Structure formats: C-alpha cells, structure tokens
1. Can you find a residue in segment A:144-161 that is surrounded by fewer than 17 Cβ atoms within 10 Å (Cβ to Cβ), within 9 Å of another protein chain (Cβ to nearest Cβ) and among the acidic types (Asp, Glu)?
2. Filter segment A:43-66 down to the residues that are small (Gly, Ala, Ser) and modelled with pLDDT of 95 or more and list them by number.
3. Consider B:Arg59 carefully, then state whether it is in a helix (DSSP H, G or I) and free of Cβ contacts under 8 Å to residues at least 24 places away in the same chain.
4. Any residue in segment A:182-205 that is among the polar types (S, T, N, Q), at negative phi, part of a helix (DSSP H, G or I) and within 11 Å of chain B (Cβ to nearest Cβ)?
5. How about segment A:1-44: which strands (runs of 3 or more DSSP E) wholly inside it have at least 3 residues that are over 24 Å from A:Met61 (Cβ atoms) and in contact (Cβ under 8 Å) with a residue 60 or more places away in the chain?
6. On the given criteria, is A:Leu174 more than 9 Å from chain B (Cβ to nearest Cβ) and under 19 Å from the mean Cα position of the chain (by Cα)?
7. Given the criterion in contact (Cβ under 8 Å) with a residue 60 or more places away in the chain, more than 21 Å from A:Ile114 (Cβ to Cβ) and of a type in the set (A, V, I, L, M, F, W, C), identify the matching residue among A:Leu177, A:Leu129.
8. Hey, could you check segment A:120-141 for residues that are among the hydrophobic types (A, V, I, L, M, F, W, C) and part of a helix (DSSP H, G or I) and say which is nearest to A:Phe7 (Cα to Cα)?
Number of protein chains: 2
Amino acid sequence: MKKGSIFIVSAPSGAGKTTLCRRLTGAVPRIVHSISYTTRQAREGEVDGRDYFFVDEDRFMRMVADGEFLEWAEVHGNLYATSRAKLFEMIQCGTDVILDIDIQGAAQIRQKGIDATFIFVLPPSLEILEKRLISRKTDSEKVILRRLKKAREEIGDYMQYDYVIVNDSLDVALNELGSVVLSRRLHISHVDHEWIKETFGLEAAGSKF
Amino acid sequence: MKKGSIFIVSAPSGAGKTTLCRRLTGAVPRIVHSISYTTRQAREGEVDGRDYFFVDEDRFMRMVADGEFLEWAEVHGNLYATSRAKLFEMIQCGTDVILDIDIQGAAQIRQKGIDATFIFVLPPSLEILEKRLISRKTDSEKVILRRLKKAREEIGDYMQYDYVIVNDSLDVALNELGSVVLSRRLHISHVDHEWIKETFGLEAAGSKF
C-alpha cells in the first residue's frame, strides 16, 4: 500500500493556521489533522483528544525522555509536541497527515530528513495580524506585543519552506492549501506506478495493442 | 516584474489534453494557451490563429531553418511546433503559458534546460482511449489503430514528467491540472519575495514591532 504524505504548516500565531488546517481536513478527502500534545491550558471550547492532548509538564517531559516525540518546542511559554507513533501509524495506512507546528518543530522535522512538504502561512500584513490577535480576545496586551515581536522573527524563516500561502481570505487560502496537497498526490514521486504499469501493460508482452 | 511559468502538457492522442488545456485557461486567471503551428489540415470548427496557426510544409520548414521554433515534431504524419518568440513574450509579461505538445516536443524543451513544469495526462485505460478515438469520428480505423499503438509507446515515457493526471472525469482532471498550476505559483521558487520583505520589513531596521 502506498504511504501517506506529511504536510507541515507553520505560521506566526494569529495567521490562522489552525483554522485553515481544520477546514482543510473537512474539504479534502484522505487527510487528517495531527493532534499535538501540549502543556497549555485548554481554551474555551477546546476538547482534549480532539483539539490537543492536554498533559501536564511532568508527563510531557517523561514522553520527551522516552523519545516519544518526533518534534517538540516551547512556544510562548507552553510546550507542544507531535507523537512519533501516531504520525507513522497514519501514514503507513496511506492517509495524508497535516501537522500545524511552529517553526522550531518544523526545523526539527527538516533536520531529521523526514520526507514532508513544508508550507508557511503569512498574514496579509503585521497590522492585520495585530488586529486579529486583539479580536481573538484570548491574550493580554503584553502577550499580544510579545506574539507580534515573535511573528516578525518567525516570518524571517519563510525561505526554509516549500510553499508560501498568504491568508487574507480564508476561502482563497483554503483553496491554495488544498492545491498544494492535491498537486503533491499527483507528483511523479507519489503516483501509483503499479497501477499505471498494470493498466497500460508497460512491462507485459503480447498486449492487445 | 515576475516572469510567468511554463506548463507542458503531453498525452497520447485521445486522452483529452487539448480540451483540458482550453478549459483550464477559462477556469484559472493569468494563464494562456500557447497556439502551435501545424501543417495538419484544420478539422471542422477549428479556426486559424485560435486553435492553431495552419501553415504549409514549405513555410513550416523555413521557420525551422530560421530557428523560430522552440520545439517541433512530426506526429502521425503532420508537423507541429511552438514559436520561441511568442512564448517568451508572454512569460516576460508575467503570464503563465500552457503548451499542449507531444512527448518529442516536450523532450526537446527538457533537453534545452528550460524551466517548465511537465505534466502527463493518461486516459483511464487503453480500452477507453480506443472508444474515445472511435467516437471522435475524425480518424479512419487504420489511423485509430496507429494512434493506439503509438499511445502505448508514449505512455512508457510518463516517468520523464513531473506530474501525472488521469483524465477519467474531465471536471476532476481539470481541478487537478488547476492545482498543479496554482501550487506552482505558491512554490518558494515563484513567490513574490520583494512583497514579503517589504510587507514584513524583513531587511529594514526600526520597524513598529
């Protein structure tokens, strides 16, 4: 069976990457959203096991020590990680997996030489990013300023990624993200060579034609 | 100004590449269909300067001698070519161009090291290809058999291409071709780095944030 592909989506907070990734899995078949482990407090409406696996720092650090994470990083004072076993289980079954992770986590995956497509999501401008963070009403002014400073540093890393999507209109950005996923499936490195060879008798002698 | 990209679409005759390319330019902005020169007779409904530039063999061979073609090939007894000047004019203006050309022409463009995305369109099966050629009613039985034999040889070359699209449903194939074009525009090699640097002040000191 053909293995699934890994798509890594990074963005400064407030660029809308989580919404984008969740909407994608609803719009495109055969792709699931990887659920991260985090030590951050659940926000209103977030559900353990659906949005994140919420764990305390002790448990998190034990999992780090046991090598259970493919990548992990501290972001704005909270810890985030991707489970190695869960990810590879899914791609072994032929399912594509989308990971929304920060740039440190993405860099760890890149350094490990794991075959993945790296996508960077940009806000339309820093001013719009600021407005979005304010309207989200989940962060204090101090946290927002810290996030904006961090955002600018992170955006400086966009050249490390394979694709760049500007999230101005969510529908347009969703269509663009979908195109990246779909085109990856059509790429010569991912097509079903067995099917092509059988269907067109490329190696068989004495075909009808 | 950012240059346009070149997309090369090849397929065995009857796989539907011309219809697909024409539909694409109607569905996706900023992409035009390159008009080939040919010595083939115009089919019913075909218009000179819209579907092809219809020329006689003398004129065609003079253009070959004058180096006016980027690629040219004989396909089923007729000559086909792409004008070098017309193609580069369009991409200089920032327009993407889609060329539907046969595998010999595609190979010439590849050998010249021209930056292009190569897409191979497959029929769902040889049996369906045969039915399509018969229902087109433009070819004699002898020509159809020759086209089918050629098709199988040509399909053997699909590994030389970057992307493979199976044209079973035209709408699905059109969406897939659109995804390849769109994702190419989002690729790090094609994004507008100047805009990103200006918008996020990546090289400027003393930003607001």
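The values are calculated or read from the model by the stated rules, or taken from the named source; none is laboratory data. Values in this document were obtained by computation on a predicted structure and should not be read as measured data. Using ideal geometry, Cβ is built from the backbone for each residue, glycine included, and neighbour counts are taken over all protein chains shown.
1. Within segment A:144-161, none of the residues are surrounded by fewer than 17 Cβ atoms within 10 Å (Cβ to Cβ), within 9 Å of another protein chain (Cβ to nearest Cβ) and among the acidic types (Asp, Glu).
2. Within segment A:43-66, just A:Ala65 meets the criteria.
3. Answer is yes for this residue.
4. yes
5. Details: elements: A:6-10, A:31-33, A:36-38.
In segment A:1-44, A:6-10, A:31-33 are the strands (runs of 3 or more DSSP E) which contain 3 or more residues that are over 24 Å from A:Met61 (Cβ atoms) and in contact (Cβ under 8 Å) with a residue 60 or more places away in the chain.
6. Answer is yes for this residue.
7. None of the others qualify; the one that does is A:Leu129.
8. Going residue by residue through segment A:120-141, those that are among the hydrophobic types (A, V, I, L, M, F, W, C) are A:120-122, A:126, A:128-129, A:133-134.
Now drop any that are not part of a helix (DSSP H, G or I), which leaves A:126, A:128-129, A:133-134.
Working: A:Leu126: 25, A:Ile128: 26, A:Leu129: 24, A:Leu133: 25, A:Ile134: 29 Å.
Ranking the qualifying residues of segment A:120-141, first place goes to A:Leu129.
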